[in-house]
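Student: For reference, the structure I am asking about is given below.
The values are calculated or read from the model by the stated rules, or taken from the named source; none is laboratory data. Remember, it's a predicted structure, so these values are computed and weren't measured experimentally. FYI the Cβ positions are ideal-geometry reconstructions off the backbone, even for glycines, and counts take in every protein chain you see. Heavy atoms of the whole protein, side chains included, go into the accessibility calculation; ligands, DNA and RNA do not. Shrake-Rupley method; radii C 1.70, N 1.55, O 1.52, S 1.80 Å.
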Amino acid sequence: MENVSEKAIIKGKIGKNCKIGEGVIIDENVVIGDNNVIDPYTLITGYTTIGDNNHIYSHAVLGSEPQDLKYHGEKTELIIGNNNKIREFTLINPGTEGGGAVTKIGDNNLLMGYVHVAHDVIIANNCILANAATLAGHVELEDYVVIGGMTPIHQFVKIGAHAMIAGASAVGQDIPPFTIAEGNRAKLRGLNLTGLRRRFENRSDIDAIKKAYKELFESGKPLKDTAKEILENTNNEYVKHLCEFVLNSKRGIPYDRKV
């Protein structure tokens, strides 16, 4: 096959115009789309499906068995979308039967070297995970999340859209959309204003988010009561998303409560 090394082992299905390097192993239940680049000595195994225009760098391991003692060989999946960059030595596991049976990564994400994505994780679109970021099982990232290097995320944590987590933090609770969190254990430090200004054309949306943030996390009022009140009185889609995230949080929000 054109652009496929003779020293690669290809048992699965690959699409058009893929470039596959020396020592790559693609097992029989793998399906790979078009225009992908898979660098030398990468392993893609399990029931793994990969879309188009991804670049998977050397020594990544995708689809190997979950590191979960409850897993006993049942059929589970790893699904990766389009236009992702998955850097060297990244490890991504498929789902488990008890967690929905699928790990899913969307489009346009960058996973830097040594990132670990555990079983049943859901990563949306346009996220960046810096070197050695570690997502435990069942973690969920919404769009445009940025996670700094050497940061572990506790299982079942959810991180909202446009949030940023500082490097070397340890995240044990849910991080709302549009915010910055930092520390061990990580707490809210304010809004990700730099990220919002880059992506939001309407500055009135940012002003609305600022106002809601102050009411929620700086007023000293009961958090969920305040979220309900704001939700009932706003038409702003981003403020609604922020309040709904707070109301639906299962692990709680890590902020300094003012009395």
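Student: What FRET efficiency comes out for GLU237 versus ASN184 if R0 is 35 angstrom and r is the Cβ-Cβ distance? Round to the nearest 0.05.
Tutor: Working: r = 33 Å, r/R0 = 0.95.
It comes to 0.60.
Student: Between beta-carbons, use under 12 Å as the cut-off and find the net charge around GLU97, counting Lys and Arg +1, Asp and Glu -1.
Tutor: It works out to a net charge of -2.
Student: Quick one: dipole size for the chain, taken about the Cα centre, charges +1 on Lys/Arg Cβ and -1 on Asp/Glu Cβ, in debye to the nearest 20. Provide the component values of the computation, followed by the final result.
Tutor: Numbers: 29 positive and 32 negative charges, 185 e Å.
Rounded to the nearest 20 debye, it is 880 debye.
Student: Please list 3J(HN,Hα) in residue order for the stretch 101-113, calculated via the Karplus relation 6.51 cos²θ - 1.76 cosθ + 1.60 where θ = phi - 60°; whole Hz, with x for glycine and proline.
Tutor: The phi angles translate into 6, 8, 9, 9, 10, x, 10, 6, 9, 10, 10, 6, x Hz.
Student: Go through the stretch 83-96 residue by residue and turn each phi into a ³J(HN,Hα) via Karplus (6.51, -1.76, 1.60, θ = phi - 60°); whole Hz please, and just put x for glycine and proline.
Tutor: 6, 9, 10, 10, 7, 4, 6, 6, 10, 10, 9, x, x, 10
Student: Which far-off residues, 5 or more places away or on another chain, put their amide H under 5 Å from the one on GLY15, with H placed in the peptide plane?
Tutor: ILE32, GLY33
Student: Of the accessible area of the stretch 63-151, with the probe set at 1.4 angstrom, what percent is carbon plus sulfur?
Tutor: Using a 1.4 Å probe with all protein chains present, the stretch 63-151 comes out at 52 percent carbon and sulfur.
Student: Using the Karplus curve 6.51 cos²θ - 1.76 cosθ + 1.60 with θ = phi - 60°, what ³J(HN,Hα) values do you get for each residue of the stretch 182-198, in whole Hz, with x for Gly and Pro?
Tutor: 7, x, 10, 6, 5, 10, 5, 10, x, 9, 7, 5, 4, x, 5, 5, 6
Student: What nm value, rounded to one decimal, do you get for the distance between LYS224 and VAL37 when each label is placed 7 Å out toward the C-beta?
Tutor: About 4.9 nm separates the two model spin labels.
Student: Measuring from centroid to centroid over Cα atoms, what is the spacing of the stretch 67-130 and the stretch 176-248 in Å?
Tutor: 28
Student: Quick one: work out Rg over Rh on the C-alpha atoms of the chain, Rh as Kirkwood radius.
Tutor: 1.04
Student: Now for a different question. Sequence-distant or interchain residues sharing an amide H contact under 5 Å with THR48, placed H: which?
Tutor: For THR48, the qualifying residues are VAL30, VAL31, LEU78.
Student: I would also like to ask the following. Could you pull out the GluC sites (Glu not before Pro) across the stretch 173-247 that fall in loop regions by DSSP (anything but H, G, I, E, B) with no more than 14 other Cβ atoms inside 10 Å? Present the calculation step by step, with values, prior to reporting the outcome.
Tutor: Details: sites: GLU182, GLU201, GLU215, GLU218, GLU229, GLU232, GLU237, GLU244; in loops: GLU201, GLU218.
Answer by residue number: GLU201, GLU218.
Student: Write down the accessible area per residue of the stretch 84-216 in Å², having rolled a 1.4 Å probe over the full set of protein chains. Present the calculation step by step, with values, prior to reporting the outcome.
Tutor: Details: 5340 Å² over 133 residues.
For the stretch 84-216, the per-residue accessible area is 40 Å².
Student: Let me ask something additional. What 222 nm value per residue comes from the helices of the chain, counting each DSSP H run with n ≥ 4 as -39,500 (n - 2.57) and dividing by all residues, nearest 500 deg cm²/dmol? Show your work: numbers first, answer last.
Tutor: Numbers: 4 runs with 44 residues, N = 259.
The helix-only estimate for the chain comes to -5000 deg cm²/dmol at 222 nm.
Student: Now for a separate question. If you build a Gaussian network model of the chain, linking Cα atoms that sit under 10 Å apart, which residue out of GLY98, GLY149, GLY12 swings the most?
Tutor: Looking only at GLY98, GLY149, GLY12, the biggest GNM fluctuation is shown by GLY98.
Student: Using DSSP loop states and a limit of at most 16 other Cβ atoms within 10 Å to flag trypsin sites (Lys or Arg not before Pro), what is the longest stretch of the chain containing no flagged site? Spell out each step's value before the answer.
Tutor: Numbers: sites that count: LYS7, LYS11, LYS16, LYS70, LYS75, ARG185, LYS250, ARG251, ARG257, LYS258.
Value returned for the longest uninterrupted segment is 76-184.
Student: To continue, here is another question. Quick check: residue separation of ASP207 and ALA101 times 0.36 nm, minus the Cα distance between them. What number comes out in nm? Working shown, then result.
Tutor: On the way: separation 106, 0.36 × 106 = 38.16 nm, distance 4.02 nm.
Difference between extended and current length: 34.1 nm.
Student: Taking 8 Å as the Cα distance limit and 6 or more residues as the minimum spacing, I'd like the relative contact order of the chain as a percentage. Each step should come with its number before you reach the end.
Tutor: Values: 759 pairs, mean separation 22.1, N = 259.
For the chain, the relative contact order is 9 percent.
Student: Mean separation of Cα pairs under 8 Å and 6+ residues apart, divided by the residue count of the stretch 126-259: what relative contact order is that in percent? Show your work: numbers first, answer last.
Tutor: On the way: 287 pairs, mean separation 23.7, N = 134.
It rounds to 18 percent for the stretch 126-259.
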